[in-house]
Amino acid sequence: MFSPLGSTAAAETKKLVFSQIMGSLVQKSASDLITLLYSRLGIETSFTIIPAKRALEMSSKGKTDGEIFRIWAVGDRFNTLIRVPTPIMTLSGYAYSNNAGLTANSVADLDKFSRIGIVRGIVWAEKLVQGRHGVVRVNSSKELVLRLANGSVDVVLANNTTLESEQKKQNIKAKFYKGKALNILNVYHYLNRKHQHLVDGVDREIKKLIANNEIEKITGIAYNM
């Protein structure tokens, strides 16, 4: 049988299971990209939906075959996860507050808040709150939005796609306010190192998705690289 990946090992890869962050709508959209990408390589995909921290534990230990996407630093932190070189999406990370007069335009502005909410295991958010007191960690974007709406946290760290989509999904009428982006996040698809032979073929398919403008068509998120 012809293998589009051009190797015996690749030809024997029939199905992969990826970690998907529970409650992340942007990861759900990106899972459609991953499904399409691998179908073009003749590989079936499925997803294990679990909290972000547990997702990394499973993929790094080979209990799942990789991550839908994570930031660059994940590949430096986990030597068992291989970063596919081309970013699959670009997201902006913000601090959202429930007070119009109190927003954050820089990481230093987070000092104004005593209760900062993040989703546990979201690496970029964990890095921004490292060493800070009053950090409230939750397991899903849904819980993050609900806590901001009910005032049990003063500010939350999230990318705009996830938080604003979750707010709409939960029909939350409370107004949230954000300042400037705290960071621009290029995110990458990851494979457990046991599938390193797939990386080049997957990277080629990501580049084709970009060239054909399929990422924006599927996810609704502009590709800004």
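The values are calculated or read from the model by the stated rules, or taken from the named source; none is laboratory data. Bear in mind that the values here come from a model prediction, so they are computed numbers and not experimental data. Every residue, glycine among them, receives a Cβ derived from its backbone with ideal geometry; neighbour counts consider all protein chains shown.
Couple of notes before you dig in:
- Of residues in region 148-174 being of a type in the set (A, V, I, L, M, F, W, C) and closer than 17 Å to residue 21 by Cα, the one modelled with the highest pLDDT: 157
- Among (1) under 20 Å from residue 26 (Cα atoms); (2) assigned by TED's automatic domain parsing to the domain that holds residue 201; (3) surrounded by 21 or more Cβ atoms within 10 Å (Cβ to Cβ) - the single one residue 96 does not satisfy: (2)
Quick grid of which residues meet (1) touching a residue at least 60 places away in the same chain (Cβ under 8 Å); (2) in contact with a Phe, Trp or Tyr (Cβ under 9 Å, 6 or more places away or on another chain):
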{"residue": "44", "(1), (2)": "no, yes"}
{"residue": "53", "(1), (2)": "yes, no"}
{"residue": "82", "(1), (2)": "yes, yes"}
{"residue": "89", "(1), (2)": "yes, yes"}
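The rows are residues; the columns are (1) closer than 18 Å to residue 125 by Cα; (2) in contact (Cβ under 8 Å) with a residue 12 or more places away in the chain.
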{"site": "35", "(1), (2)": "no, no"}
{"site": "41", "(1), (2)": "no, yes"}
{"site": "49", "(1), (2)": "no, yes"}
{"site": "61", "(1), (2)": "no, yes"}
{"site": "69", "(1), (2)": "yes, yes"}
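- Failed item in (1) of a type outside the set (Phe, Trp, Tyr); (2) at pLDDT 95 or above; (3) within 26 Å of residue 195 (Cβ to Cβ), with residue 118 passing the rest: (3)
- Scanning region 167-202 for residues that are closer than 23 Å to residue 58 by Cβ and not hydrophobic (A, V, I, L, M, F, W, C) gives 188, 189, 190, 192, 193, 194, 195, 196, 197.
- Close pairs from region 91-114: first touching a residue at least 12 places away in the same chain (Cβ under 8 Å) and of a type in the set (S, T, N, Q), partner surrounded by 13 or more Cβ atoms within 10 Å (Cβ to Cβ) and in a loop (DSSP other than H, G, I, E, B), Cβ under 6 Å, at least 6 apart: 92/181; 97/103; 103/179; 105/179
- Test: residue 174 is of a type in the set (A, V, I, L, M), under 26 Å from residue 219 (Cα atoms) and more than 20 Å from the chain's Cα centre (by Cα): yes
Residues checked against (1) farther than 18 Å from residue 81 by Cβ; (2) at pLDDT below 95:
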position	(1), (2)
5	yes, yes
10	yes, yes
21	no, yes
25	yes, yes
34	no, no
41	yes, no
46	yes, no
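- Candidate set: region 85-119, residues that are more than 27 Å from residue 223 (Cα to Cα) and among the small types (Gly, Ala, Ser); chosen: the one farthest from the chain's Cα centre (by Cα): 101
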